[in-house]
Each structure stands twice: as C-alpha cells, then as structure tokens.
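> If you scroll down you'll find the structure; I have some questions about it.
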Amino acid sequence: MAAYVNRSVSMMAGDGPHNVAMNNGTVRVNMTNVDSPLQIFVRAKKKINDIFVEIDDYVKDAVAFMHAVSGDNGVATPQDVANVEAYISKVQAIREVLKRDHMKVAFFGRTSNGKSTVINAMLHDKILPSGIGHTTNCFLQVEGSDTDEAYIKTEGSEEKLNVQSVSQLGHALCASRLAENALVRVSWPREMCALLRDDVVLVDSPGVDVTADTDDWIDRYCLDADVFVLVANAESTLMVTEKNFFHKVSTKISQPNIFILNNRWDASASEPEYLEQVRTQHANRCVDFLARELRVCSPKEAEERIFFVSAKEALLTRMREREKPVSSPVLADGHQVRYFEFVDFERKFSECISQSAVRTKFAQHSRRGKCIAGDVCSALDQVYGLACSQKAARVERQRILQEQLSAIEDQLTSVTREMKAKIGKMVESVEHKVSLTLSQEIRRLAALVDEHAAPFRTERAALEAYKRALHRHVEAGLGQRLKQRLSSDIGHEMDAAQRDMAERMYAVLPPQRRAAAAAVVAPHHQPFEVLYRLNCDNLCADFHEDLSFRFSYGITALIQRFQGRNTNKIALKNPPQYTPIPPAIGPAAPSSEIVRATTAGIGPLSAEEWGMVSRLAMGALTSQGTMGGLLLSGLLLKTVGWRVVAVTGAVWGALYLYERLTWTAKAQERVFKRQYVAHASKKLRLIVDLTSANCSHQVQQELSTMFARLCRLVDEATTELDGELTEVRAAAARLDEAAAAAKRLRNKANYLAHELELFDDAFLKQ
Ligand code: GDP
C-alpha cells in the first residue's frame, strides 16, 4: 500500500491555481489553468454550445426557407413547415439546458466527518461553515455566481440573501427557517475559486446519520450528480449507514462514480507505528466495498479512488497560501504527504467528474443535435427532391412550349405564303370572270334596253324621265344578270377558299384553342356577295339623243356615210340588231358599201373630185336655182341621160316619202334606244376593268379579313403560349433556386452532423 502514499507526489501544490492578492483584501484565483482536467468539460461545453448556436441558426434558416417554398405551387406543405418550425423551440430548450449544464459533485458521510472542511479545502477558502456546532439538516449547494457578489437563495425563493463571510452564512442559515432536507444555494463569485469557474457545483449533505429518509435525498439531489464523495472518518471504519446510503445510490444510478476520502488521517500521525497497517486495513475495506459490494468499479479502479487525507490541514495550507488570517496550529508530521494526496484526489476527481459529466450531459445533446440535423435534412431532402422533379417537369413543359411556338411560327409563315398566293389567284380569277361576264352582258345590252317597256314620248320632260327610268332599268338589270351569273360561282369559290383557309389555320393552332377558334371563325353566316356598282345615272349623264328626221339617202347623209364620220349619229331605219356589232364596223359601214356599190358604175373618183362633187351637191341643195344646181343638173343629164335621172329622182322621192311617213314615235324610240345602247356600251366598256377590279378587291378584302381574323387567333394562341412559357420559365428558375437552397441547407445539416461526430470523437469516445 506504499503506492497509496507515494502516488502522485509529483502533483505539487504548484499545479493548482495561483493566487493573486486583490485591493479589497480578498484573494482572486488566477484563472489560467488550462492543464486542469476540468477544462475538458469546459471546452466540450463551449464546443457543443457553439455547435448548437449553429444548429439554432440553421434551423431558423431552414424554417425561413420552408416558408419561402410553401404555399400555392410550393414544394413544401404547411405540415412540413410546422414540422421544421417545431425544432426551433427544441433547439432553444437544449441551449437553455446547455447553459445550465455543470459538473456536480455530492459529498456524503456522517456528521462531523469533515464534509464541509473538504469542500472548503477544495474551494481554497472557508466558504461553508464547519465545526462541531454546525448541524444543519439542509443541503448546501455551492455554485459559481456570475456577479462579484456572494449570496444565498433558499429553496422556493428567488430572494438573494447577502453573505460576505462564513459567519454571516451560518447566521443566515440559522435565521431562515429551513425545511428538512431543503436545498440552500450558495452562489460564490467564480473568480474566487477555480472549481466554481470551471462549472463545478459542490453539494454538502446534512450527514447520512441525521435522517433515515435518504431515498428522498437521492431522488432530489443525486440523480444528476456526476461524482459522489464519501467523506469517511479515518479514525473509525466505514459505518453501515454510510454503506447503506451508497447501496441505495447504486440501485438508482448505474455505475455511480464514488470516491472515498478517509479524512482526519492527520490523527494517525500520533500513532505512526500502526500507520501502514491501519491504512491497508481501511483501504482493503474500501476496495471491497466499492468493487465487491457495490460493484461500481474494478478493484484496480477502486484503489485509484481511495484517499487518506486531512481536509483540515489542506484547508489550513491553502488559507496560508492565500495569506488569510487563520489560527495556525502546528501541523502534524507527514502533513505534506497528506496534502499531496489531497491534491492527487483533486486531480483524479477532476478527471473523473469532467469525463463523466461530458458523457452524461453532452452525449444526449449531441445525439439530439444529430437527430434534429438529420430530421431537418430529410425534410429538406424531400423538398429538394420535389423541387428537382417539379423543375424537370417545368423544363420539359418549357421545351414543349418552345417547340409548339416555333412550329406555329414556321407553319404560319408557310400558310401565310400559301394563302397569299391563293388569295392572289382567287382575286385574279374573280377579276377575269367579272370582266368577261360584264363584257358579255354589255354586248347584250340592246336586248336589256329593249326590255324596258315604259311609254316613250318625245317631250323634253317625259324624255328625261324616260332616260332616268332607263338608267335604273339598265343598272338593275345588269346588276341582276351579273349576280345571277357570278354570285353562286364566286360564292362557292369563296366558301371553298375560306374553308381551306380555316382548316389550314386550325392545323396551326394548338389543339386546346381549336374549339374556341371554331366558335370565332364560324364559316359564313351569310353567303358572300359581290356588289357591282354600276351607276348608270352618272355613267350616262352625258348621253344626248338625236331624234331629228334624217333621210337615209339624203345628200348630207350620203356624204357623211362616204366620209365615215359621225357614224353613231346617223339615223337608220334598219330593224334593231341584237347580235354584237364589232365597234370597228359600226352602223355606218353598210351604207358606205351601198354608196360604193352605187358609184361603182361611174368609176373611181379621186379625193379631190369627191370633194368637189360634194361641195357642188351641197351648194345645189342649200341654194336653189343657183348656178350649182344648174351645173349639177347639166352634169347629170350629160353623163347618164335624162331618163335615168327621172327614174332615179322618182325612186329617191318615193324613198323619201316612205321614210318620212314611217318616222313615228315607235321609230324614234328605237333610234333612241339604239343611240342609248351605243352610248351606254361605250361607257360601260370603259368601266369593265374598274368594276372587275372593284369586285376582285371585295373578294380580296373578304379573304384578307378572314385570314387576318385567323391570324389574330393564332396570335392570341402564341401570346398565351408565350405567357405560359414565361411563367414556366420563372417557375423553373424559382424551383431551381429552391433546389439549390435546399441542397445548400441539406449540406449544412450534414456539416453539423459531422461537427457533432467530431465532438463525439474528441470528447465522448475516449
Ligand atoms: P461535517 O459535519 O461533515 O461537515 O464536518 P465539518 O467539516 O463541519 O467538521 C467537523 C469538525 O471536524 C470541525 O471542527 C473540523 O475542524 C474537524 N475536522 C474536519 N476535518 C478534519 C481533519 O482532517 N482533521 C481533524 N483533526 N479535524 C478535522
């Protein structure tokens, strides 16, 4: 057992905290003690705190993200958001617990074994009252105060009772009526004690011999204790009450860390001859108790947890070090060895409590943290998966829309080109048809005019009314005829063209728009009709009839015929001819031929001769009994003989008489109509091109309008598709962003889980 004595002698007092004198007479402990095993807990606490700060931020970020991607068209349901949101309070709760997490050591033993003295020695100060008179039956928990003041709080009260010294604390404890086994929390400035600074909480118990109700103690103060210190009296052996208490502890807590301090070992100094023997005896009993009775550790480990100390001496030594006024009895022999053992105890205790507290306190936090990170990660994973699949769907839709749009554009270009050609062809065909039909109708204008059966009178007013009625008749008749001949033809052609156009455009439109298009482009409600604007009133406004009697074989008429002038003004008595008369021939042609035939017998005359003859004839006619008449008569008599002249004269006279007698109103009407037909035909021929162009224009207009309407439908469809494309594109971008953010956050969850793994490796898996 010499090992017990010699062990850790190297743990010199210098290993402990250095002390610094303060102005106000108190001594402040030098806080820089990075070698202390307690620092493991301190570092672990800081590390896991930092990780939980990150987890806290992370969960808040994740909640903000989930909110952003929830709602309509979102990738997260309100339930998903609520699930992640719940972790905020959970993390907060863990952080709160973490803040309060500390290492707890509870001291047990019989009254006056020196529990308070041990605590004071460990704290390097007389903080707890000790002595024969101190028999409080409450628990005293010494913990670090965040402020510079020392105070106590009794159980169930938040009132801070100020204490400046141990005597005050004693009085304060006596003054307050404390319930049995109540807890009194003594807050002491951390700066004053290294243990307190390192988050160690020390609990002094009333003494296991004071009360029988130790079960209650264990439940209330021991379940969260990391280390138990049994302060035994080295002057006697372990008592049954002490043993019983720890039996109860070991049934409630698995593998409690128990240290046994055989205190008052200084008393053995008076009997040095039995020192080793007594020590061995005590040590063996203690090992037996821990390893065999309680089975909380192996005998080897138990040997490491049994110490022979003098708390009183240790306290005295430390008080002296801190230059505190103490009554200084002479220390017994071997006090240095006992002091070193006390320091050794502190070292082992520090290692044990630090490791145990890290394991019991932080392992569960680390586990919880990993669970939270994992849960949030899987929620984000789900969001990420959904965002990716929805984005893929949007991208596919985008591709389809783009294809549709470019297909529509291509088809529209080709259909437009085709339709343009078709309209052009149609327009040309209509123009040709109208032109042909109108020309044909003009040729049978005479028949149309003849159909006008209004009574004809030659008085000016009646004649004007007759003319107006004839204009209207011709206008209506021509219009009617054109309509009859062209309408159905053009109508059918138009129908076919429009149907074809609509069909082609339907093919261009996306299927869902075709039904709407069918309603808009209902094929003709009314059949298409060409309007022929033949305004005869205006067209024939310059028509002037010539109804004066003219003898067909009068000299003037003959001369005019020969000269071929004013052909359209010569009145003929030939019956009306309905067959087309080529304009080049005209009504004057037969007369000229007759004249030419008549004059064939007298041989051809030169132009000068004819001019002279006509002048003579005119002169003869206009001035009777003049020299012209005589000369003409003489010339005729001399040339053909008087008999021929007489017969010709008789025939000529008879013809004149006949024509004069037949120059009735009916004849005048016929002449009027012929003149009108000639005039109107000429005028109408002038407007054939105009009218056909006008008709074709109407057709063009109709088809173009129809095509424009169809194009507008296509336009609407493409605008709609464009709108949808923009929306889909924006949605895809949003989903892409959401997926990227979810991935980022998911990765951060992995990072945090990894951090916790590192934490476990560094602090828990030792
Ligand atoms: P508690 O009731 O267990 O808290 O015991 P205390 O700490 O109050 O100590 C009771 C008495 O024992 C006090 O007078 C102490 O001075 C004295 N005492 C404590 N430890 C030692 C020690 O190691 N040696 C000696 N000789 N007396 C001690």
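The values are calculated or read from the model by the stated rules, or taken from the named source; none is laboratory data. Computed from a prediction, not measured in an experiment: that's the story for all the values here. Heads up, the Cβs are rebuilt from the backbone with ideal geometry, glycines too, and the neighbour counts pull from every protein chain shown. Ligands, DNA and RNA are stripped out before the accessible areas are found, and what is left, the full protein with its side chains, is counted by its heavy atoms. Shrake-Rupley method; radii C 1.70, N 1.55, O 1.52, S 1.80 Å.
> How many residues are touching a Ser or Thr at 6+ places or on another chain (Cβ under 9 Å), in a helix (DSSP H, G or I) and within 16 Å of the ligand (Cβ to nearest atom) if we restrict to the stretch 230-252? Give the steps one after another, and end with the answer.
So in the stretch 230-252, the residues touching a Ser or Thr at 6+ places or on another chain (Cβ under 9 Å) come out as 231, 233-235, 241, 244-245, 248-249.
Of the ones still in play, those that are also in a helix (DSSP H, G or I) are 241, 244-245, 248-249.
From the residues that got through so far, the ones that are within 16 Å of the ligand (Cβ to nearest atom) too are 241, 245.
Going through the stretch 230-252 one residue at a time, the tally reaches 2.
> Name the residue, out of L710, L745, L725, L735, that is outside the structural domain of A496 (by TED's automatic domain parsing), among the aliphatic types (A, V, I, L, M) and open to solvent by less than 80 Å² (accessible area, probe 1.4 Å).
Numbers: L710 fails: outside the structural domain of A496 (by TED's automatic domain parsing); L725 fails: outside the structural domain of A496 (by TED's automatic domain parsing); L735 fails: outside the structural domain of A496 (by TED's automatic domain parsing).
Criteria check complete, one pass: L745.
> Filter the stretch 209-223 down to residues that are of a type in the set (A, V, I, L, M, F, W, C) and open to solvent by 10 Å² or more (accessible area, probe 1.4 Å) and give me whichever is nearest to the ligand (Cβ to nearest atom). Steps first, please.
Taking the stretch 209-223 first, the residues of a type in the set (A, V, I, L, M, F, W, C) are 210, 212, 217-218, 222-223.
When the remaining residues are screened for being open to solvent by 10 Å² or more (accessible area, probe 1.4 Å), the result is 210, 212, 223.
Details: V210: 9, A212: 18, L223: 22 Å.
Within the stretch 209-223, the match that is nearest to the ligand (Cβ to nearest atom) is V210.
> I need the full set of residues from the stretch 428-455 which are open to solvent by less than 20 Å² (accessible area, probe 1.4 Å) and closer than 18 Å to T691 by Cα, in order please.
V430, V434, T437, L438, E441, I442, L445
> Run C286 past the list (1) of a type in the set (A, V, I, L, M, F, W, C); (2) away from the ligand (no atom under 16 Å from the Cβ); (3) open to solvent by 10 Å² or more (accessible area, probe 1.4 Å) and report the number of the one that doesn't hold.
(3)
> Continuing with this model, one more query. Residues of the stretch 403-417 being open to solvent by 60 Å² or more (accessible area, probe 1.4 Å) and either touching a helix residue (DSSP H, G or I) at 6+ places or on another chain (Cβ under 7 Å) or among the aliphatic types (A, V, I, L, M) (or both), which ones?
Q411 - this is the single residue of the stretch 403-417 that is open to solvent by 60 Å² or more (accessible area, probe 1.4 Å) and either touching a helix residue (DSSP H, G or I) at 6+ places or on another chain (Cβ under 7 Å) or among the aliphatic types (A, V, I, L, M) (or both).
> Right, another one. Need pairs with beta-carbon distance below 6 Å; first residue closer than 16 Å to V201 by Cα and in the same structural domain as R185 (by TED's automatic domain parsing) and within the stretch 110-134, second in a loop (DSSP other than H, G, I, E, B) and at pLDDT 95 or above; sequence gap 6+ or separate chains.
none
> Still on this structure, I have one more. Any idea how many residues of the stretch 135-166 are within 12 Å of the ligand (Cβ to nearest atom), at pLDDT below 85 and not in a loop (DSSP other than H, G, I, E, B)?
Residues that pass the stated criteria total 1.
> Could we say that L470 is buried (at least 20 other Cβ atoms within 10 Å of the Cβ), of a type outside the set (V, I, T) and in contact with a His (Cβ under 8 Å, 6 or more places away or on another chain) here?
Working: buried (at least 20 other Cβ atoms within 10 Å of the Cβ): yes; of a type outside the set (V, I, T): yes; in contact with a His (Cβ under 8 Å, 6 or more places away or on another chain): yes.
Spelling it out, L470 is indeed buried (at least 20 other Cβ atoms within 10 Å of the Cβ), of a type outside the set (V, I, T) and in contact with a His (Cβ under 8 Å, 6 or more places away or on another chain).
> Here's something else I'd like to know. Looking for whichever is open to solvent by less than 20 Å² (accessible area, probe 1.4 Å), modelled with pLDDT under 90 and more than 54 Å from the chain's Cα centre (by Cα) here; the options are I132, I127. Which one fits? Reasoning before the result, please.
On the way: I132 fails: open to solvent by less than 20 Å² (accessible area, probe 1.4 Å).
Only one candidate qualifies: I127.
> Let me ask something additional. Which residues, counting only those in the stretch 425-455, are touching a residue at least 40 places away in the same chain (Cβ under 8 Å) and of a type in the set (A, V, I, L, M, F, W, C)?
M426, V427, V430, V434, L438, I442, L445, A446, A447, V449
> Among the candidates Q255, Q281, which residue alone is assigned to a loop (DSSP other than H, G, I, E, B) and open to solvent by 60 Å² or more (accessible area, probe 1.4 Å)? Working first, answer last.
On the way: Q281 fails: assigned to a loop (DSSP other than H, G, I, E, B).
It is Q255.
> Since Y506 meets every condition but one in (1) among the aromatic types (F, W, Y); (2) assigned to a helix (DSSP H, G or I); (3) more than 27 Å from F528 (Cα to Cα), which condition does it not meet?
Of everything listed in (1) among the aromatic types (F, W, Y); (2) assigned to a helix (DSSP H, G or I); (3) more than 27 Å from F528 (Cα to Cα), Y506 misses just condition (3).
> For the stretch 92-127, name all the residues that are more than 10 Å from the ligand (Cβ to nearest atom), of a type in the set (A, V, I, L, M, F, W, C) and assigned to a helix (DSSP H, G or I).
Within the stretch 92-127, A93, I94, V97, L98, M122, L123 qualify.
Quick grid of which residues meet (1) at pLDDT 95 or above; (2) touching a Lys or Arg at 6+ places or on another chain (Cβ under 9 Å); (3) in the same structural domain as M239 (by TED's automatic domain parsing):
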residue: I306; (1), (2), (3): yes, no, yes
residue: E313; (1), (2), (3): no, yes, yes
residue: L316; (1), (2), (3): no, no, yes
residue: M319; (1), (2), (3): no, yes, yes
residue: S328; (1), (2), (3): no, yes, yes
residue: C352; (1), (2), (3): no, yes, no
residue: S356; (1), (2), (3): no, no, no
residue: T360; (1), (2), (3): no, no, no
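> Next question. So if I check each of L657, L684, which one is crowded, with 19+ Cβ neighbours inside 10 Å, assigned to a helix (DSSP H, G or I) and of a type outside the set (S, T, N, Q)? Break it down into steps so the answer makes sense when it comes.
Values: L657 fails: crowded, with 19+ Cβ neighbours inside 10 Å.
Every option except L684 fails the conditions.
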